[in-house]
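Take a look at the structure set out below.
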Amino acid sequence: MKKKLNKSIFGGALLMAIAGMGLTSCSSDFLDTNPTDRVGTDEVWSTYNMANDVVNGVYKRFYYENGKECPDWQDWDCATEVADLDANWSGYAWARGRANASWWGFSDLWKRYYEEIYRADNVIVNLNQCTAMSESERARDIAECKFLRAWAYYRANVLWRGVPIYLEPVEYGQDTKARNTEDEVWEQIIQDCTDAINEPNLPNKYSTSDQNYGRVTKAAAYYLRGQVYLWKKQWANAEADFREITTMGFQLFPDYKNMFKAANEKNDEYIFQYEYSDDVGLGSLLGRSHGNRVTYTADGFGCWNNIIPNPYFVDSYQYANGKPFDMDEVIPGYSKMNPKARSVYFLRNGLDPNSSDARLKAGYQQMVEYGSDMSKYDKDGNEERILKVYKDRDPRMLMNFITPYSTYQGGATADCWNYTLRWPYIGSDNAAPYDLRSDTNDRFYYLFRKYVPEGREVKDGLNSSIDTPIFRYAGALLSLAEALNEQGKTDEAVQYVNQVRGRIPGLALLNSNEWTTVKGQDDMRTRLMNEYKWELCGEGQLYWKEQRWGTWLDTKLGTNRTTVTDPAQMNGANGMTEIWGTKRYTNNYIGEYVNVFAIPESEIERNPNLTQNPGW
């Protein structure tokens, strides 16, 4: 994508034509009112450059623009048990029990997806008018836009379970449609992907040295069509699509942690990704929302940790040998303690009410007042004790998250220091003991490591150039394993999961010991769900899968869907949670209907043919 995009066009007149705005003009004998600052839609097909820019406009929907949130909402893991949105922010309101049919997020996503669909339709219907572009390039671009249209419809259909299908650009004033059924939308996605797959001018993949690397390929279309087949439980069709991807030259990048770094963003694991640059308006927001206050930014103020990993998810990572993790085995009696009392195990060394260091003295008093059981505090070995919790675990845990007393190289000062996540915080950005500073410094949370720039890796962490994989080969292998397992081919499914696990040094393969032995189809199904989460967390992929599995209501809101009514007892994964289990907030369960989005009230007012989803 990067090579093809003409950024100067995006800020100017042609984008108005792409978006279907300013399409009419009028004149009189006395005054010529034809606009001179924009190009009409009929004219954009008259030259190669203008037509090419219209195609680029379809890709542009993936970018941050006009000071607004990333159009594709890449922080979707906040809507799952993986993470929670910082209490100071108002997004993901349906997952927090705060939404109604007029909530801005519903209308925002509807608008974004249909603008993407409009732009794709515009190319699909009109590009063949551009005879200045070769027939083969036109065919390739139309195939790309059919995939991109399918990608927009896929997300819309997951969220609303039936939306209107438009296959040509709808101009202002034209009749609008009623909703198509969920299955009709799935079938349209399958058709668009099939058309892209059948287009001879669309390659299977691009090499990392090809200037077209990052554009849509047949592999992306196979991946998306395979996901729809999984939704429809057409397991054999899904197996065929994901198996096809294994023949196309993709491979797992050997270094999981560094795959998500700027230096390695072109690699043969990525099948479909959003490509970013550090140009204003064309950067990723993941560094900003996943970062921390010592992440480098050009303005010197650091990034934000808007997205808070949930400790119950982090604790779900097994030991590297496959043995389930149990905090009580490391710290006997931990789970029976009040969360505030057990915070004592996460405290830094050296806290002392009699210390000559005022910071350590004040820190001790702070934790007494907080409710830590200081009778269990080990002044000289507290850090070493808690580090045993994170020892010998699945290595992806430490690659994805910054855990207590692990280090992170920040770039907020003139020198790039290695900061340590300690509690309570007493440090300074530019002086020992170099505590890692966050914008939630009044509490102690896990932080993300994945996607967060280190040192001076990028020019500005707020507008990060690090690409975001949407489909990658590891996901294709796990999807193939899922399709096989659902057909009863569990032994073969194990082979593909083991390819993913085998990339991680020291991680035990399935069926290699007593803890990793697969005990049938149901056991494998659970293992696969976990494997998706441990592998893909932080990448915005899991909400869509949990909707497909039908597990989302349980995993995100489960504690509020039981007979538990005392908030003090709700110590499960529901809501923003400190590392030791104290709640900042719990999500409010308002009904089963939140599993499917409301049709935006504003859209129903504009289009009375639309019907509302039940409950809203």
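Some values worked out for this structure:
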| quantity | calculated |
| --- | --- |
| Size of charge dipole - region 467-541 - debye, nearest 20, with Cβ of Lys, Arg +1 and Asp, Glu -1, no other charges | 100 debye |
| Computed label-point distance, nm, for sites Glu369 and Asp299 using a 7 Å Cα→Cβ extension | 3.2 nm |
| Under-5 Å amide H pairs with Tyr419, H placed in peptide plane, nonlocal only | Tyr408, Gln409, Gly410 |
| MRE, 222 nm, helices only [DSSP H, n ≥ 4, -39500 (n - 2.57), over the chain, to nearest 500] | -10500 deg cm²/dmol |
| Residue-normalised accessible area of region 67-215, given per residue in Å² at a 1.4 Å probe | 37 Å² |
| For Thr577, distant residues with modelled amide H under 5 Å away | Arg584 |
| Surrounding net charge for Thr517, when Lys and Arg each add one and Asp and Glu each subtract one, Cβ distance under 11 Å | 0 |
| Local electrostatic count, Arg96, Cβ distance below 11 Å [Lys/Arg +1, Asp/Glu -1] | +1 |
| Sorted peptide list for 309-317, 504-512, criterion being average Cβ within 10 angstrom, highest first | 309-317, 504-512 |
| Using θ = phi - 60° and Karplus 6.51 cos²θ - 1.76 cosθ + 1.60, couplings along region 610-616 (whole Hz; Gly, Pro as x) | 7, 10, 7, 6, x, x, 8 |
| Zone residues, region 378-398, relative to Tyr334, backbone N less than 11 Å from point 7 Å out along Cα-to-Cβ | 385-391 |
| Label-point separation, Arg385 to Asp522 (7 Å along Cα→Cβ), nm | 4.0 nm |
| Rounded FRET efficiency, nearest 0.05, which uses the C-beta distance separating Ala240 from Asn441 and R0 of 60 Å | 0.70 |
| Relative contact order (percent, whole number), the chain, Cα cutoff 8 Å, 6+ residue spacing | 19 percent |
| Burial order of peptide ranges 331-343, 144-156 (average beta-carbon count within 10 Å, highest first) | 144-156, 331-343 |
| For Tyr319, distant residues with modelled amide H under 5 Å away | Phe325, Asp394 |
| Total charge dipole magnitude, the chain, about the Cα centre, Cβ charges on Lys, Arg, Asp, Glu only, Debye to nearest 20 | 1280 debye |
| Highest to lowest packing among 428-437, 275-284, scored as the average C-beta count within 10 Å | 275-284, 428-437 |
| Sum of side-chain charges, Pro608 neighbourhood, beta-carbon under 13 Å (Lys, Arg +1; Asp, Glu -1) | -1 |
| Förster-model FRET efficiency, 51 Å R0, Lys232 and Asn430, C-beta, rounded to 0.05 | 0.35 |
| Residues of region 482-616: accessible area per residue with a 1.4 Å probe, Å² | 41 Å² |
| Efficiency of FRET from Cβ geometry, Thr551 and Thr247, R₀ 35 Å, rounded to 0.05 | 0.65 |
| Accessible-area composition of the chain, carbon plus sulfur, in percent [1.4 Å probe] | 47 percent |
| Positive-pole candidate from Tyr317, Ser355, Gly57, dipole of the chain, charges at beta carbon | Ser355 |
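The values are calculated or read from the model by the stated rules, or taken from the named source; none is laboratory data. Since this is a predicted model, take the numbers as computed values, not measurements. Glycine also receives a Cβ, built like all others from the backbone with ideal geometry; neighbour counts cover every protein chain displayed. Heads up: the accessible areas ignore ligands, DNA and RNA and are worked out on the full protein's heavy atoms, side chains in. Shrake-Rupley method; radii C 1.70, N 1.55, O 1.52, S 1.80 Å.
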